1. Summing +1 for each Lys or Arg and -1 for each Asp or Glu, what net charge is found among the other residues whose Cβ lies under 12 Å from the Cβ of residue 222?
2. Starting from the 7 Å offset along Cα-to-Cβ, what nm value, one decimal, do you get for the label separation of residue 35 and residue 131?
3. Could you tally up the Lys pairs in the chain with alpha carbons closer than 19 Å? Skip any pair fewer than 8 positions apart unless they're on separate chains.
4. Under 19 Å from a point placed 7 Å out from the Cα of residue 103 along the Cα-to-Cβ direction: which residues of the range 45-85 have their backbone N that close?
5. Just to be sure I understand the model, the point goes 7 Å from the Cα along the line to the Cβ. What's the resulting residue 78 to residue 317 distance in nm?
6. Could you sort 314-327, 228-241 so that the peptide with the highest average Cβ count within 10 Å comes first and the rest follow in order?
7. Rounded if a/c is under 1.5, else prolate if a/b beats b/c, else oblate: with a ≥ b ≥ c from the C-alpha gyration tensor eigenvalues square-rooted, which is the range 48-326?
8. Looking at the range 20-58, which trypsin sites (Lys or Arg not before Pro) are DSSP coil and have at most 12 other C-beta atoms within 10 Å of their C-beta?
Amino acid sequence: MFEAYERLAERALRDEPPSESEALAILDGKDVALLPLLHAAFVPRERYFGRKVMVHMLNNVQNGLCPENCGYCAQNKDSSAPIRKYAMKTDEEVFAEAENAARAGATRYCMVLSGRGPTLERTRKLALLIRRLKDRYPIGFCLSVGLVDDEQAKILAEAGLDRLNHNLNTSEEHYEKICTTHGYADRVQTLLAAKRHGLESCSGLILGMGESSRDVVEVALRLRELEVPSIPVNFLIPIDGNQVVSDGSLTPERCLRALALMRLVNPRAEIRAAGGREGHLRALGPLALWPANSLFVDGYLTTRGDGVRATYRMIRDAGFEIDGNPAYERELFEGEGAAEGFRLEGEAPLFKPEIARATRGVG
Ligand code: SF4
């Protein structure tokens, strides 16, 4: 019974993606059971990343004020979502947030600027900031700044930027249903410009925007063709006032299947259970770590998510390792027993780690 799954895993290890019909069956669950599928996806995940989980922190360096109309984004020009709008944060604010990410053991700190793309002057300013951040903190720095051309990609690559994020978001065919102020081809051009200048790219998708399974398969294959090494798999966070509304397709199982598909199609890529994982995966959240080797902590651009402690706890409880700052992790969980937090209604915790420590070894 498990031979078909073993074959999927073996082919991933040989870097051979599933066929289109297999990919559709993986997503739609036709004759493909979830748990053996997750195990098949875990085989290449373990080969290339062991049990490590990379933790990314996002920071909105500029929020709102965007002329584009990406219908899933609360910062788009037509959205009536009540978000804070601000132009670029000061360098001091960015440094303070980078410091926080480094201390919390984040593998990468991702700066996100709203807008269609930066001017040349803004690109130079960002390049200077990136050089200073890299001099000070031993973590990776990523930038999401909209459309970028060759000249800008070169400036950012020379500044030592670790990754440029620019998501394809969906398939070419479905793209005009989510945005019309720029096209899919513009997005692909940005990724190609990054590649030409040796800038590592990060590009993924958003599920739950009315796309078909075929659209998901197409974007998985396009990311493979573009040799994208980092793939965030986002799950639409429905925001009142946005034009793209949730299509209701995202069960926890569909999310896990999509993560498994991304891993099997892109076996060596860093696959991230990204925006919206908490609300869509719900109780099945830890299972995402079998196909994915990367997560965001501490929320997204305009919405909250699980904090560092809850996320780290999930990773540890599922038997995975945080690829971060071990001293911080020790500090965070110091004194914690194997169980904690049981409470009678309205009472203090029943299980108290300090009592457990004091009585350990007695009697
Ligand atoms: S995704 Fe970026 S470009 Fe699109 S509306 Fe939001 S901030 Fe603007």
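The values are calculated or read from the model by the stated rules, or taken from the named source; none is laboratory data. Keep in mind that this is a model prediction, so the values were computed, not measured. With ideal geometry, Cβ positions are generated from the backbone for all residues, glycine too; neighbour counts draw on all protein chains shown. In case anyone asks, the SASA skips ligands and DNA or RNA and just uses the protein heavy atoms, side chains included. Shrake-Rupley method; radii C 1.70, N 1.55, O 1.52, S 1.80 Å.
1. Taking every other residue near residue 222 into account, the sum is -4.
2. Roughly 5.6 nm, to one decimal.
3. Lysine pair count for the chain: 8.
4. Counting backbone N atoms under 19 Å from the label point, the list is 55-60.
5. Modelled inter-label distance: 4.2 nm.
6. 228-241, 314-327
7. Here the range 48-326 falls in the rounded category.
8. 30
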